[in-house]
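This report concerns only the one structure given below.
The values are calculated or read from the model by the stated rules, or taken from the named source; none is laboratory data. Worth saying up front: this structure is predicted, and the values here are computed from it rather than measured. Ideal geometry is used to build each Cβ from the backbone, glycine not excepted, and the neighbour counts take in all protein chains shown. When the accessible area is computed, the model is the full protein with side chains, heavy atoms only, and any ligands, DNA or RNA have been set aside. Shrake-Rupley method; radii C 1.70, N 1.55, O 1.52, S 1.80 Å.
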Amino acid sequence: MGGMAAQPARDQVNARFSPSGHEKPGHRCALVRVEGVVQGVGFRPYVYRLASELGLTGYVRNTSQNVTIVVGGPTDAVQKFISRLPDEAPPLARIHRMSVEDAPPCTTTRFEILESAVEEGRSQLVSPDVATCHACLDELLDSTDRRYRYPFTNCTNCGPRFTIITAMPYDRPNTTMSSFAMCPACSTEYADPGDRRFHAQPNACPVCGPAVSLLDRDGNEMPDADAISRTAALLDEGIIVALKGLGGFLLACDATAPEVVQQLRVRKRRPTKPFAVMVRDIETARRHCDLTAAEESLLLSPAAPIVLARWKKESTVCRDVAPGLLFLGIMLPYTPLHHLLVRACNRPLVMTSGNLSEEPIAAETGEALTRLHGIADYFLTHNRPIHSRYDDSVAMVAGGQTHLLRRARGYAPYPIELTFDSPAVLAVGPQTKNTFCLAEGHRAFVSQHIGDLDSVETLDHLEHTIQLYRDLFHIAPEVIAHDLHPDYASTAFAQRLATAPQVLRGVQHHHAHIVSCMVENTVHEPVIGIAFDGSGLGSDGHIWGGEFLVCDPTDSRRAGHLEYLPLPGGDAATLRPYRIAASYVTKLLGEQRLRQCRHIADVLHDDEWRVLVRQIETGFNTPLTSSMGRLFDAVAALAGVRSTIDYDGQAAIELEMQAHQYAEPWGTHRYAFGIEHVNGLHVVRVAPVLDAVLRDIVEGTAAPMIAAAFHEAVVEMAVDVATLISRDTGIRTVALSGGVFQNRILIEMTPERLRSAGFRVLTHSLLPSNDGCVSLGQAVVAARAG
């Protein structure tokens, strides 16, 4: 999970273990300190059982920084303990460092778990929330078990963690479970070293734990004794329900009913953006999607993300759930409440974030009743408070590797390990798909997905979550990093945060992209960075997005780029790809060639056409861009795939879907970019590709062939430019980043072709390649700036 090793490499075990001269002959006493994700994952009970099995005395305790262990006994038994400790750790534990040294002889006669020790200014890692384990699921469905159908069943191997922790160390008083006193039965489990709920902080049952309730749209509690069964019946009737989960509310409805899905779209103001679907188990998921072994493993993992998988034509999930797409976002239940609800409905359910448009997910009942009023008809809620909002993570498997598209539940707040000693840095991230990063020492904590910073609510969410991370990990930033764009809300936020002693550092958007990829792959030497995305302010004041950089964490030089083209209306043009297409063709090939394209002529009326031409001529409100994302938009519009969009990246995504439908061998229908060397830069000329696309359109070539040929041209161009830069620099490592590389075809073909050309290729695995990775790059560039 999260890409971190489950045990330390042997060179990370710092052992200073030799007789102190005070032990009995043949006996040893050792002090062991373990750092990593070792609280809230059953680590202390595991240590207790291992020490007891080996007949050792001593203790284990949580501190604010680590888990501290003292073990004493026969030398060979102590040595076995030290050897087995990292190798047999609980599945959710992530050991980063472990030190061993001599200790005075143990005076205890047994092994104990001591009370946690709070150390001022020290921090410990926090586990993300974890999907329900098999043992808890068995209890949930067992009519003879005392937790039968109890929707908050958990143990040391599963359940809420990050969303309920208010402070460290991880003990019940420092969670939102503090108000629920354990009953005698739960207390007995909690105190029994042989029980899997031994020191499980969220431990609860129907007698003493949280409870669910069903409310109508006005907040009145429904009288039904079984709120979950009643909710299932409502969903079966076509009702939209808001469901309180781990990190906030989800909106649920019948995924097999087109009229219900369309009603949700109207209410949520989400005309075509795809919804995720939850099904009861992996067997059901197979009936709706063609799952690979890797995709099944991902669905069944403790992180349990939404997985984009090939959608079967015979699936009963209606196509309105993900219009125009070949891949369905599918997920399995990850809480007991989900398991109960999906089983009671016995049908696929839409499960989408409980918000309006791009606002943050609603977290508490009162907030949901206000913000989701008019969207949800009923609210299935509970009385366990949520301390941190937490969206579902989204992932796909491409090229044999897992790629995160949104990193949140199940992954955050696992840190990214740094190979240098960083000062305390806060990087506030970009404008869209925002995350922030807090780094200090050898750890960088990249937040869960925050969202687009276009509303006051999202900015408040950002500010609250930064404070939460600061409190949990005890990081007081000395440096604040931000994007170069002066109009980003995150830039303004950084400027407000910075005080006199703090250093404020701007970091170029695409440099941050590439450095984040380098950090994930622990690469320090210069690389050729290929950054393909929608936009990012360049050092020359223009909008970049089709970039070839030569960079390392301390410096970046632009070595090549897509040629600059006019973007009439700036950001507003991204909503109307036909305008981008018209602008590009007019600029490069002339007005007459554009008139040959019926797909544009049908939507670009004369008055708008005249204004657009005037903007291109004068440059009024027409920034220049080298964006690869905008080029995808233009080709999608020219090919008749999508002329306007309802969500970010829609035109490019649907162009990719067309390419997936091309059934002939790839490479037989070729397009090619031009590449020129201008003022020391390799400039990619777009006109040859647009000319070929227009010729194909006039000849009636089908959209799948045009899309496939365009994708292949982009891949070949990337390899060609990287090869030219390599000849100039001698660099043979290429790092790929940017939202365009969320395209399955590109992230599979580009690394393959680059490797065939002799390059080492770096891609993202711990963070999304989209702007969700930018904050990590900002933090590292700012930290290394000195």
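For the range 491-591, rounded, prolate or oblate, judged on the Cα gyration tensor with a ≥ b ≥ c (square roots of eigenvalues), a/c < 1.5 rounded, else prolate if a/b > b/c? Oblate shape, in that a/c is at least 1.5 and b/c is the bigger or equal ratio. Put a dot 7 Å past the Cα of ALA225, heading toward its Cβ, do the same for ASN621, and the two dots end up 6.5 nm apart. How many angstrom lie between the C-alpha centres of the range 319-349 and the range 503-560? Between the Cα centres of the range 319-349 and the range 503-560 lies a distance of 38 Å. Solvent-accessible surface (1.4 Å probe) assigned to LYS80 amounts to roughly 110 Å². Ranked by solvent-accessible area (1.4 Å probe, protein heavy atoms only, all chains present), the residues ILE731, ILE580 order from largest to smallest as ILE731, ILE580.
Surface calculation, 1.4 Å probe, protein heavy atoms: ASP145 sits at approximately 40 Å² accessible.
Surface exposure of the chain, expressed per residue as accessible area with a 1.4 Å probe, stands at 36 Å². Could you tell me which residue out of GLN778, VAL307, ALA252 lies farthest along the dipole of the chain toward its positive end? Charges go on the beta carbon: Lys and Arg +1, Asp and Glu -1, centred on the Cα centre. Of the candidates, VAL307 comes out farthest on the positive side.
If you take all other residues with their beta carbon under 12 Å from the beta carbon of ASP145, and give Lys and Arg +1 and Asp and Glu -1, the sum is 0. When only the Cβ of Lys, Arg, Asp and Glu is charged (+1, +1, -1, -1), the dipole of the range 276-348 relative to its Cα centre reaches about 200 debye.
When the charge dipole of the chain is built from unit charges on Cβ atoms (+1 for Lys and Arg, -1 for Asp and Glu) and taken about the Cα centre, the candidate among VAL715, ALA135, ILE616 whose Cα reaches farthest toward its positive end is ALA135. Heavy-atom accessible surface of LEU724, to the nearest 10 Å², is about 50 Å², with a 1.4 Å probe and all protein chains retained. Within the chain, antiparallel bridges make up roughly 70 percent of the DSSP beta bridges whose residues both belong there.
Magnitude of the Cβ-charge dipole of the range 715-786, K/R +1 and D/E -1, about the Cα centre, nearest 20 debye? Walk me through the numbers before you get to the answer.
Numbers: 7 positive and 6 negative charges, 49 e Å.
That gives a dipole near 240 debye.
In terms of its C-alpha gyration tensor, the range 373-462 comes out prolate, because a/c is 1.5 or above and the ratio a/b outweighs b/c. Computed over the chain, the P(r) tail beyond 37 angstrom holds 45 percent of alpha carbon pairs.
What net charge is computed for the residues neighbouring LEU250, neighbours being all others with C-beta under 10 Å from the C-beta of LEU250, Lys and Arg scored +1, Asp and Glu -1?
Residues near LEU250 contribute -1 overall.
Rounded, prolate or oblate, given the Cα gyration tensor of the range 384-521, with a/c below 1.5 counting as rounded? Rounded shape, in that the Cα axes give a/c under 1.5.
Subtracting the Cα-Cα distance of ALA167 and ARG727 from their residue separation scaled by 0.36 nm leaves 196.3 nm. Residue ranking by accessible heavy-atom surface, 1.4 Å probe, largest first, among GLU35, GLU563, GLU314, GLU748 comes out as GLU314, GLU748, GLU35, GLU563. Label-to-label distance for ALA687 and HIS542 is 1.5 nm, based on points extended 7 Å past Cα in the beta-carbon direction. Only the Cβ atoms of Lys and Arg (+1) and of Asp and Glu (-1) were treated as charged; on that basis the dipole of the chain about its Cα centre amounts to roughly 760 debye.
May I ask for the net charge around LEU114, where only other residues with Cβ less than 11 Å from the Cβ of LEU114 are counted and Lys, Arg are +1 while Asp, Glu are -1? Taking every other residue near LEU114 into account, the sum is 0. Given ALA89, ILE514, HIS677, which one lies farthest toward the positive end of the charge dipole of the chain, if we put +1 on the Cβ of every Lys and Arg and -1 on the Cβ of every Asp and Glu? In the chain, that residue is ALA89.
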